[in-house]
Amino acid sequence: MLFADEKPKVVVDLGTYSGYSTIMFADAMRQAAGGPSAGLRLWSLEADPLIASIAMNFIELAGLSDIVTVVVGPADDSLKRLSAEGKLTSVDLMFIDHIKDLYVRD
């Protein structure tokens, strides 16, 4: 309901793991948009390269690669880099689901 009501265009998911929440969020974004996925972006940040590659395969199988970009590396570094590169200038919704000790720093 949150995605249907708010219609976020830019979502950040800290902690990809298998990609389950990323896939659910991206699908909800697409449904809420009610049409083409242009302008929708979900950044899914994962520290572990192996886990990220598994999630990328699931995201591809779900047909959501046009919306989702998996970024490998520590979330705080990735957020700073994406911002500095001008790729992440605003965030409509952020889902924090990774190592709890890093929540405040990230």
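The values are calculated or read from the model by the stated rules, or taken from the named source; none is laboratory data. What you are looking at is a predicted structure, and each value in this text was computed from that prediction instead of being measured. Heads up, the Cβs are rebuilt from the backbone with ideal geometry, glycines too, and the neighbour counts pull from every protein chain shown. Heavy atoms of the whole protein, side chains included, go into the accessibility calculation; ligands, DNA and RNA do not. Shrake-Rupley method; radii C 1.70, N 1.55, O 1.52, S 1.80 Å.
Scanning the stretch 17-56 for residues that are farther than 17 Å from residue 91 by Cα, buried (at least 20 other Cβ atoms within 10 Å of the Cβ) and not aliphatic (A, V, I, L, M) yields 19, 46. For beta carbons closer than 6 Å, sequence separation of 6+ or different chains, a first residue in the stretch 71-91 that is β-branched (Val, Ile, Thr) and a second that is exposed (fewer than 15 other Cβ atoms within 10 Å of the Cβ) and at pLDDT 95 or above, the qualifying pairs are 72/49.
Is it the case that residue 49 is out of contact with any Ser or Thr (no Cβ under 9 Å at 6 or more places or on another chain) and within 11 Å of residue 70 (Cβ to Cβ)?
The answer is yes for residue 49.
Selection of the stretch 27-66 for residues being free of Cβ contacts under 8 Å to residues at least 12 places away in the same chain and under 25 Å from residue 7 (Cβ atoms) yields 34, 35, 36, 38, 60, 63, 65.
The rows are residues; the columns are (1) under 25 Å from residue 85 (Cβ atoms); (2) at pLDDT 95 or above.
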{"site": "1", "(1), (2)": "no, no"}
{"site": "14", "(1), (2)": "yes, no"}
{"site": "20", "(1), (2)": "no, no"}
{"site": "28", "(1), (2)": "no, yes"}
{"site": "59", "(1), (2)": "yes, yes"}
{"site": "65", "(1), (2)": "yes, yes"}
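Restricting to the stretch 70-99, name every residue that is under 19 Å from residue 32 (Cβ atoms) and open to solvent by 40 Å² or more (accessible area, probe 1.4 Å). Residues satisfying the conditions are 90, 91, 92, 94, 95.
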